[in-house]
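A.B. asks: First, the structure itself, so that you have it in front of you.
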Amino acid sequence: MDIIIRNAILVTMDDRHRILKNFSMGIEGGRIVEISEKIKGEADFEISAEGRVVLPGLINAHTHLAMTLFRGSADDLPLMEWLTQEIWPVEAHLEAKDVYAGSLLGCLEMIRSGTTTFNDMYYYLDEVAKSVGEAGIRGVLSFPLLDVAGEEQGEKLLGKAKEGLKRYNGIERDSKIIVFVGPHSPYTCSERLLIQAKVLAEEHNTGLHIHVSETMTEVKNSLDTHGLRPFEYLEKIGFLGENVLAAHGVHVNKAEMDLIKMRGVSIAHSPVSNMKLASGIAPVPEYIKNGINVALGTDGCASNNNLDMFEEIKISALLHKIASGDPSVLKAYSALEMATINAARALGLEKETGSLEIGKRADIIIVDFQNPNLKPLSNPVSHLVYSARGCDVSTTIVNGDVLMLDGELRTLDENRVMKFAEEQAGDLFARAGKEDKLFS
């Protein structure tokens, strides 16, 4: 075998919810080939995981990776003011090098905190893909489509999306890059562009990544413009389907929830971003009760402000307890599912990743349970959800490639990446005339 991980506590996240103590795992050709108490023989590389917990790598189901450069620059604002006055004016000055630098920084942060797959929507898709290739992480990438500036803008961005699909999808069986189609939202895309995006996704047998019903303002505007709520409008134009991953879904009524379930749409829940922008609390317990697949995502670093999925898991579990007054409404295991197998399902990757099972991709993280915040060990899942932090991750493996081992990065030069990102952030904000947004 290529790798054997020995004597671990395996939190499998499989259909049987198995937690296996003192088990070992064999990896070959990028896939898990054996899970047993004792694996005979040797491997090219062996990892002792005694006293550590092994689980599937976390999956960030909604983010804007290169927005690491915006971290801390636009705090404490409602969504539309945040977008129109702070984010979009700076993004108007974005260059390829900025996105490359910000994406590398995001990859570094995710590898360190245990994320092995992320679902992204951002500009300069080739630069995001370049950073993914260097880091070794798995990326589901989409180029944002919008036509608020007119049909010409939509056609130009649609052309870039087509280029990305042609360049990356299906190029090789083991590619760590998949491209989705990314219409930004119903309020930034015309009906024509939304339908074009739907057709393009169907032509390439891929997914659709879109923001829907994030704020009450969005819902009100949709009612004023279309006479329908956002999900009702998307249903009317034939947009909804099993390949749709809708980010946020905060403000929905019963009729919309029925549509979401009927069409097999997945929801990407981003509780920290929704809380920070005061957008509202998504009805996650109701989604789950109705059999709707809910994944978890951080959103971008301008509205979170980090990519730590362990933090997102904990806050999600706690938020819905206090919102409902019921401490059992979202249990620890369900919260962990949203960041693993549910997120894989939302991205159409549930047969490849999201759980530790023979035949699946070796997307694996090891959490060091020798740290004081994880002692004494009573319940591995409880500790992962309520006690663990991203910095407790010691080893990150993607597709059988070891990206970090015992806290040491093996694919990225950490100091170089951070310095590069700081320099590009300075250049970007200077070009936008907002140098005052960065501390210097």
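A.B. asks: Given Cα pairs under 8 Å that are at least 6 residues apart, what percent is the relative contact order of the chain?
C.D. replies: Relative contact order for the chain comes out at 22 percent.
A.B. asks: If you take all C-alpha pairs in the chain, what percent of them are over 42 Å apart?
C.D. replies: It works out to 11 percent of all Cα pairs.
A.B. asks: Now a separate question. Lys/Arg Cβ at +1, Asp/Glu Cβ at -1, dipole of the chain taken about the Cα centre: which of Tyr333, Trp82, Asn399 is farthest positive-ward?
C.D. replies: Of the candidates, Tyr333 comes out farthest on the positive side.
A.B. asks: With +1 on the Cβ of every Lys and Arg and -1 on the Cβ of every Asp and Glu, and nothing else charged, how large is the dipole of the stretch 58-346 about its Cα centre, in debye rounded to the nearest 20?
C.D. replies: 760
A.B. asks: With springs only between Cα atoms under 10 Å, which of Ile364, Ile19, Ile341 fluctuates most in a Gaussian network model of the chain?
C.D. replies: Maximum fluctuation in the GNM of the chain, among the listed residues, is at Ile19.
A.B. asks: Quick one: order Ile137, Ile27, Ile177 by neighbouring beta-carbon count within 10 Å, fewest to most.
C.D. replies: Placing the least packed residue first, the sequence is Ile177, Ile27, Ile137.
A.B. asks: Give the cross-link partners of Lys21 among the aspartates and glutamates, using a straight C-alpha distance below 14 Å as the criterion and excluding same-chain residues fewer than 8 apart.
C.D. replies: Straight-line reach from Lys21, under 14 Å: Glu37, Glu50.
A.B. asks: A follow-up question, please. So for the chain, taking the charge dipole from beta-carbon charges (+1 Lys/Arg, -1 Asp/Glu), which of Phe45, Pro183, Cys301 sits furthest toward the positive end?
C.D. replies: About the Cα centre, the residue reaching furthest to the positive side is Phe45.
A.B. asks: Among all the lysines, which ones have a C-alpha under 29 Å from Lys166's C-alpha, if same-chain residues fewer than 8 places away are not counted?
C.D. replies: Straight-line reach from Lys166, under 29 Å: Lys97, Lys130, Lys156, Lys176, Lys198, Lys351, Lys360.
A.B. asks: Kindly write out, for the stretch 300-308 in residue order, the coupling ³J(HN,Hα) from the Karplus curve 6.51 cos²θ - 1.76 cosθ + 1.60 (θ = phi - 60°), rounded to whole Hz, with x marking Gly and Pro.
C.D. replies: Residue by residue, the stretch 300-308 yields x, 6, 7, 10, 10, 10, 9, 10, 7 Hz.
Bear in mind these aren't lab numbers, they're just calculated from the coordinates by the rules spelled out. What you see is a predicted model; the values in this text were computed from it and never measured. Glycine also receives a Cβ, built like all others from the backbone with ideal geometry; neighbour counts cover every protein chain displayed.
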